[in-house]
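Worksheet: one structure, shown below.
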Amino acid sequence: MLTELLQGADAGGFVIIQDSIRCSGRHLLKSFINAALHREEAVHVLGFEVDEEELKDGVKGSAIDRVHFHNAYTDPLGWTDHPAFTVHQFCLEELTHLVKQSSHSRPATLVIDSLSWILRHRSPTAVCKTLHQLRKGGAVRAIIALLHADMHQKGTEGSVCHLATSVITIAPGMNGDQAVAKITKRSKSGKVMQDEEIFNINEDFTVIVQSKLGPKNTPTEEKEVDPTANLTFNLRLSDTERKAKEKLALPFVFSKEKKTALLHSGPGSGRILYEPDSNDDYDQEDPDDDLDV
Amino acid sequence: MFTELNSILNASPDTITQGEFILISDRKSDASFLIHHFLTFYLKGCQLITGQRKRSAGLPGGTERVAVCFESSRNQHRESSGPRRRSHGLPQRSCRRPEEPLRVRSVQFEQFQGSDGAEEWGPPVLLVDDLSVLLSLGVSVGAVLDFSHYCRVTVCSQLKGNVAMLARCDGEEEEDDGDDEGSERLLKGLTHQCSLTLHVQGLPTGYCRDIHGQVEVCWRRRRQCEGKYTQKKLFQYKVHDKGASFFAPGTSSAVL
């Protein structure tokens, strides 16, 4: 599923890459940028958290001309006299104007690094509204955003992720080279698909999916280990011992033989002689006669 | 300066990596000995700017390359020190916007660049000890994170220097808590910004006379050519009178 998302088959898609302090999602974001460049698309990057040099590190060749980095890193809050791009410019009109400045005829892919920076300074309502308008407006083909899940309250994170067509949550893998991606994808029909994959990223930002951990895969059953093997004492039974064990009547089980012995007392056992007097309501019939004992 | 820590970080005063943002943090412990390490480390090759809440009487000799300043929007301090030190105080900003007490201007950092013209100094280094004090002064977490971002932009990206900041955390580590305590959220925000973290905490098994705690070193946001993009290592340490020793868990001299 991760490979399909990287191929970017769906137009109008909104992909959120959720990371945390345990595992950064910026390398996967760069993989998405590289995949868009391979599709000959223009990529517009709103860079709040890293500078242009670090973001373009690894992008080689002529594709680098199609990366339009909008510098929101140097002065995102407008503290200087001439800020390039500020967080307050994150609205439909400004972004549409920004994207249309490039000379490409095809709609571009918008990359946001990161959405957490914007959510710290703008209300979640305004951010969600802008993202929704961007998706429907047609100025951008797809939106890919990085979100630091551990920096926001669950409500804010949930609201933004609800707008997304796909959410990829990154977690550290077993070793430093691998990471685990939990993917939730919503199709246009409303169907929700989930998957979990282990992947690693090469130096050229291509993603290699190592294995899938989704619910379809059942864990292989381990061969049962005999607990009575390799002991210094014997826990096993021979055939005669097993037969004697099976014949043994347990003391508190009410078996058929015990019931017969109780109901039909043998010779020499005690008898109860009962002579009712005038006040007794003695009924000859056995009150337990209807019981199936 | 701790030579063992230099070998762990693969760093040397002669070949300082530029543009690094180092976060030093501690949880129920004291990581100020690491600030001392970086102070000494950078003294050898860089022009040093320190923002400290304590008076800098403890600076080692030969500190003619140190410019000491106290950054505050409310009070202006001037450090009058010995003849071998230069001191600068940041000019008090006019508080046109009281909600932005930590507004950083790059021109203030440029004042420290070769102002005497006598010698060329190396790239600047900003040390902050400690950032959590700002939270106790009533500054919001968002404002502190904005401040650290602009410090990184100015010192690391524009002036090609380095930044090292200390942040303290008193509570237990809480995961998936939407209503984080300020220090926890500050720590997470700084971790996302930095390229190297050194997190100091006590031993999970409790107090030990020969091992004073453990340090988790995490390299983040490395260049792609360097291979693994996230690398973590755990070390234990013991602080002596004149330094500190670092060793892998279970290899303390008291055990071996």
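The values are calculated or read from the model by the stated rules, or taken from the named source; none is laboratory data. Just so we're clear, the structure is a prediction, and the values are computed from it rather than from any experiment. All Cβ positions, even for glycine, are placed from backbone atoms using ideal geometry, and neighbour counts span all protein chains on display.
One line per residue, one yes/no per condition, for (1) buried (at least 23 other Cβ atoms within 10 Å of the Cβ); (2) modelled with pLDDT of 90 or more; (3) more than 36 Å from the chain's Cα centre (by Cα):
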position: A:78; (1), (2), (3): no, no, yes
position: A:81; (1), (2), (3): no, no, yes
position: A:84; (1), (2), (3): no, no, yes
position: A:97; (1), (2), (3): no, no, yes
position: A:101; (1), (2), (3): no, no, yes
position: A:105; (1), (2), (3): no, no, yes
position: A:117; (1), (2), (3): yes, yes, no
position: A:120; (1), (2), (3): no, yes, no
position: A:123; (1), (2), (3): no, yes, no
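Each row is one residue, and each column tells you yes or no for (1) within 14 Å of another protein chain (Cβ to nearest Cβ); (2) of a type in the set (A, V, I, L, M, F, W, C); (3) within 27 Å of residue B:186 (Cβ to Cβ).
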{"position": "A:156", "(1), (2), (3)": "yes, no, yes"}
{"position": "A:164", "(1), (2), (3)": "no, yes, no"}
{"position": "A:181", "(1), (2), (3)": "no, yes, no"}
{"position": "A:185", "(1), (2), (3)": "no, no, no"}
Exercise. Of everything in the range B:145-165 that's among the charged types (D, E, K, R) and part of a helix (DSSP H, G or I), which residue is farthest from the other protein chains (Cβ to nearest Cβ)?
Worked result: B:152
For this session: Those residues that are touching a helix residue (DSSP H, G or I) at 6+ places or on another chain (Cβ under 8 Å), surrounded by 16 or more Cβ atoms within 10 Å (Cβ to Cβ) and more than 14 Å from chain B (Cβ to nearest Cβ), I need them from the range A:196-210; list them, please.
Result: A:197
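Using the structure shown, decide if residue B:234 is modelled with pLDDT of 80 or more, under 30 Å from residue A:201 (Cβ atoms), within 14 Å of chain A (Cβ to nearest Cβ) and under 18 Å from the mean Cα position of the chain (by Cα). It would help to see each step written out before you state the result.
Numbers: modelled with pLDDT of 80 or more: yes; under 30 Å from residue A:201 (Cβ atoms): yes; within 14 Å of chain A (Cβ to nearest Cβ): yes; under 18 Å from the mean Cα position of the chain (by Cα): no.
No: the conditions fail for residue B:234.
Of all helices (runs of 4 or more DSSP H) completely enclosed by the range A:1-114, which ones contain at least 3 residues that are away from chain B (no Cβ under 12 Å) and not hydroxyl-bearing (Ser, Thr, Tyr)?
Values: elements: A:2-7, A:26-38, A:52-56, A:92-99.
Passing ranges, in order: A:2-7, A:26-38, A:92-99.
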Seminar exercise, completed: Going through the range A:19-68 in order, the residues found to be touching a Leu at 6+ places or on another chain (Cβ under 9 Å) and among the charged types (D, E, K, R) are A:19, A:26, A:30, A:49, A:66
